[in-house]
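Structure first, commentary second.
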Amino acid sequence: MANVTNGTVRVTVSGGVGPYQYTLLNAGNNNPVPQNAYPTFTNPVNGVASSSFTFGSAADITGNSGLAPGSYKVKIVDGNGCETISTVLTVINTPEPTSTPIPDPTATPVPDPTATVVPDPTATPVPDPTATVVPDPTATVVPDPTATQVVIDPTATPVPDPTATQVVIDPTATPVPDPTATAIPDPTATPVPDPTATAIPDPTATPVPDPTATAIPDPTATPVPDPTATAIPDPTATAIPDPTATPVPEANSYWFHGGTADDGGLAGYPYQQNLTNPASSYYLSDFTPVADYALVFDDMIATPLKYQPVYSGTLTDGFGWNYDIHADPNFYWLVVPTSVGLPDLTLTPHLSIDGAPDDIASEKLVFTSNVDGLEYTLYKLNATEDTGGRALQINNI
């Protein structure tokens with residue numbers, strides 16, 4: 001029963017308003033864990049009144065609902081549409097304990113051939129007759145009392161060896177130099193310069209310039225600019241950005257599952273099923289009818305509690321997000337700023353719905369916000385209007 005899939009992940013929310021929606025995500029890509037990951041597994045879980053929730057069961061030893069080892073996050077959406085995502089939560093395997101062997105008291109011990117022999121402190125050491133005796137340098141030498149000591153008399157006159165050959169040096173003889181000997185210079189003598197020798201310049205001496213010579217420019221030298229000259233910009237040079245300039249943040253994209261219906265006490269504006277091709281005028285949250293969707297978008301951002309929940313973020317390749325569940329059928333919408341530089345999503349398939357192959361958006365509407373002055377494109381997903389939550393991922397952008 002080692003490594004049974006019985007992991008759990010538990011989160012507790014503070015400051016939110018129930019009921020809550022809990023979605024278990026894979027920490028690596030923030031995608032929801034699929035419904036079919038375990039036989040008895042629901043994801044997301046909606047309408048939970050409690051501010052705490054646990055995915056998986058530690059008591060499950062069948063692998064039907066306990067979580068497999070891995071890294072997870074939990075996304076929580078409260079009754080006001082406020083969303084938060086937990087930190088990474090890790091589920092690990094608990095290995096099956098291994099038993100400790102009990103020795104057989106009747107067995108005969110077998111010596112370990114690699115073990116270190118421990119000498120018997122009571123045994124008498126037997127000297128090795130072939131060993132070399134190494135004298136102890138710290139031992140005190142005891143003189144032999146039977147040896148004859150030789151004492152040298154410092155006042156005695158040495159007796160020459162009659163068989164030795166005596167060498168007498170003639171003080172008047174002319175010394176003959178040894179042609180193989182190396183001459184040792186007299187350090188006190190004054191050197192006499194060789195008039196035929198080539199002078200070797202002193203590399204450490206300071207050169208004295210010839211005042212009558214014409215200066216020859218060094219072709220490898222770096223030109224020194226004239227401090228009074230006016231710099232002429234190079235028309236082919238690449239502009240270097242100002243390091244002190246403030247970077248312009250990338251505009252957010254928005255997504256929502258919205259349209260006409262009232263859901264969870266929200267007003268459900270703008271009371272149009274199809275936002276790209278409405279049947280009549282849009283309506284703002286104060287009941288004002290308008291024909292320009294840009295006014296609806298600006299009102300939606302300014303008063304989010306009067307509309308279906310709206311979420312925002314920065315779109316990157318492989319980024320995924322979820323749409324809420326609603327009581328009545330609605331379309332699924334994505335709003336992308338033109339400054340992001342995405343291709344036309346109605347022409348090239350980049351949108352994967354619930355893990356299906358990449359698809360195109362079915363309709364679009366281009367508008368300009370009156371608040372931030374940015375141009376946006378409203379896309380309708382190529383999916384029928386329904387009540388269910390959906391997972392969307394954008395790929396290969």
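Derivation of every value follows stated rules applied to the coordinates shown; laboratory data play no part. Just so you know, these numbers come straight off a predicted model, no measurement behind them. Methodologically, a virtual Cβ is constructed for each residue, glycine included, from the backbone with ideal geometry; neighbour enumeration extends over all protein chains shown.
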Interchain or long-range residues, amide H under 5 Å from Asn382's placed H: Ser362
Phi to ³J(HN,Hα) by Karplus 6.51 cos²θ - 1.76 cosθ + 1.60 over region 7-16, Hz, x for Gly, Pro: x, 9, 10, 10, 10, 10, 9, 10, x, x
Per-pair calculated FRET efficiency, R0 = 51 Å: Thr155 and Thr188 via Cβ, rounded to 0.05: 0.75
Segments 379-390, 346-357 sorted - mean Cβ within 10 Å per residue, highest first: 379-390, 346-357
Estimated FRET transfer efficiency (Leu374, Thr62; beta-carbon r; R0 41 Å; 0.05): 0.15
For a label point 7 Å along the Cα-to-beta-carbon line of Thr348, residues of region 354-397 with backbone N under 12 Å: 395-397
Inter-part distance where region 274-290 and region 32-69 are each reduced to a Cα centre, Å: 41
Estimated vicinal HN-Hα couplings, Hz - region 340-349 in sequence order (Karplus 6.51, -1.76, 1.60; Gly, Pro = x): 5, x, 6, x, 5, 6, 8, 10, 10, x
Ellipsoid semi-axes in whole angstrom, largest first, where each is sqrt(5λ) of the Cα gyration tensor of region 9-91: 21, 14, 11
Other-chain or far-sequence residues with amide H under 5 Å of Val290's (modelled H): Tyr282, Tyr283, Leu284
FRET efficiency, Asn26 to Thr204 (Cβ-Cβ, R0 51 Å, nearest 0.05): 0.10
Two-decimal Rg to Rh for region 259-397 - Kirkwood Rh, Cα set: 0.94
